1. For segment 1-66, report the convex hull volume of the alpha-carbon atoms normalised per residue, in Å³, without decimals.
2. Ranked highest first by average number of other Cβ atoms within 10 Å, how do 46-58, 17-29 line up?
3. Evaluate the distance, in nm, between pseudo-label points positioned 7 Å from the Cα of Glu58 and of Leu20 along their respective Cα→Cβ axes.
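No value in this document is a laboratory result; all are computed from the given coordinates. From a predicted model like this one, the values you see are computed outputs, not experimental measurements. All Cβ positions, glycine included, derive from the backbone under ideal geometry; neighbour counts span all protein chains shown.
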Amino acid sequence: MDRKLFEQMYAGQAPWDIGLPQPAIVGLEDSGQIGDSVLDVGCGTGDIALYLASKGHETWGLDLFPLPSKGPRPKPQSEASTFTSMSTTP
């Protein structure tokens with residue numbers, strides 16, 4: 001994907017960035033169907049990864065570029081969470 005296009009999608013409110021973890025993920029976590037360690041590929045702004053980390057999961061967020069997880073609207077991280085963000089490009 002073109003970096004400029006990617007950054008433009010996150011310059012405003014991306015339609016898939018609802019500010020909360022997706023309801024299906026919450027349901028899976030509530031029912032105990034998510035393992036101890038999680039790799040969230042394409043983590044974007046980190047809603048799912050941060051939610052799972054807050055529930056005690058060791059969570060790794062991976063995205064193409066560093067912008068979403070460190071971007072214009074950084075998300076708070078719980079002191080008790082274990083969340084590591086990575087990008088595949090510098």
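1. 87
2. For the peptides 46-58, 17-29, the packing ranking is 46-58, 17-29.
3. It works out to 3.0 nm between the two label points.
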